[in-house]
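Peer 1: The following block contains the structure, expressed as structure tokens.
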Amino acid sequence: MSPPNPPEVSCQNCEACCCRLEVMLFTDTGVPDRYVDEIEGQVPVMHRLEDGWCAALDRNTMMCRIYEVRPLICREFEMGEPDCVDERDKWFIKLA
Ligand code: SF4
Ligand code: SF4
């Protein structure tokens, strides 16, 4: 018997896997300071909670609270690109 097909790649069936990656802030898009970690001499990053998810992620809806001013990296991260598929694979393996 063959294994079940993995779910179709869609943000609708994803636990915002990409919002657990480190997000560097190379440009100022207006992210509120409370979501930013500043370390002297390093590029600022989005603050992540202990479980790894970005602090700007709404945990009820699993959607970005600051979508209009989200960082450049988040804007450029495309659904279905290799990094997306890789993160999803890691997440679904963890759930299996
Ligand atoms: S871009 Fe990819 S990893 Fe990010 S939420 Fe959508 S499907 Fe998930
Ligand atoms: S800023 Fe928004 S889109 Fe970017 S990682 Fe955080 S929650 Fe996800």
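The values are calculated or read from the model by the stated rules, or taken from the named source; none is laboratory data. Just so it is clear, the structure is predicted and the values come from calculations on it, not from any experiment. Note that we place each Cβ from the backbone using ideal geometry, even for glycine, and neighbour counts take in every protein chain shown.
Peer 1: Collect the residues in region 14-30 that are over 27 Å from residue 88 (Cβ atoms) and away from ligand 2 (no atom under 12 Å from the Cβ), keeping them in residue-number order.
Peer 2: The one that is over 27 Å from residue 88 (Cβ atoms) and away from ligand 2 (no atom under 12 Å from the Cβ): 28.
Peer 1: Does region 46-58 contain any residue that is charged (D, E, K, R), modelled with pLDDT of 95 or more and away from ligand 2 (no atom under 11 Å from the Cβ)?
Peer 2: Checked region 46-58: at least one residue is charged (D, E, K, R), modelled with pLDDT of 95 or more and away from ligand 2 (no atom under 11 Å from the Cβ).
Peer 1: Of the conditions (1) of a type outside the set (Lys, Arg); (2) away from ligand 1 (no atom under 14 Å from the Cβ); (3) in a loop (DSSP other than H, G, I, E, B), residue 68 satisfies every one except a single condition; which number is it?
Peer 2: Here residue 68 meets the rest and fails (3).
Peer 1: Residue check, residue 26 against (1) at pLDDT 95 or above; (2) in a helix (DSSP H, G or I); (3) surrounded by 10 or more Cβ atoms within 10 Å (Cβ to Cβ), all met but one. Which one?
Peer 2: (2)
Peer 1: Sticking with this structure for a sec: Restricting to region 71-96, name every residue that is in contact (Cβ under 8 Å) with a residue 12 or more places away in the chain and away from ligand 1 (no atom under 13 Å from the Cβ).
Peer 2: Matches in region 71-96: 71, 72.
Peer 1: Pairs, please: C-beta under 8 Å, at least 6 apart or cross-chain, first residue touching a residue at least 12 places away in the same chain (Cβ under 8 Å) and in region 31-58, second surrounded by 13 or more Cβ atoms within 10 Å (Cβ to Cβ) and hydroxyl-bearing (Ser, Thr, Tyr)?
Peer 2: Pairs found: 46/35; 47/35; 54/35; 55/35; 56/35.
Peer 1: Give the residue, chosen from 65, 34, 75, that is over 14 Å from the mean Cα position of the chain (by Cα) and among the basic types (Lys, Arg).
Peer 2: From the options 65, 34, 75, the qualifying one is 34.
Peer 1: Test residue 33 against the stated conditions and say whether it is at pLDDT 95 or above, away from ligand 2 (no atom under 13 Å from the Cβ) and of a type in the set (Asp, Glu).
Peer 2: Against the criterion (at pLDDT 95 or above, away from ligand 2 (no atom under 13 Å from the Cβ) and of a type in the set (Asp, Glu)), residue 33 qualifies.
Peer 1: On the given criteria, is residue 88 charged (D, E, K, R), surrounded by 12 or more Cβ atoms within 10 Å (Cβ to Cβ) and within 25 Å of residue 9 (Cα to Cα)?
Peer 2: So residue 88 passes the test.
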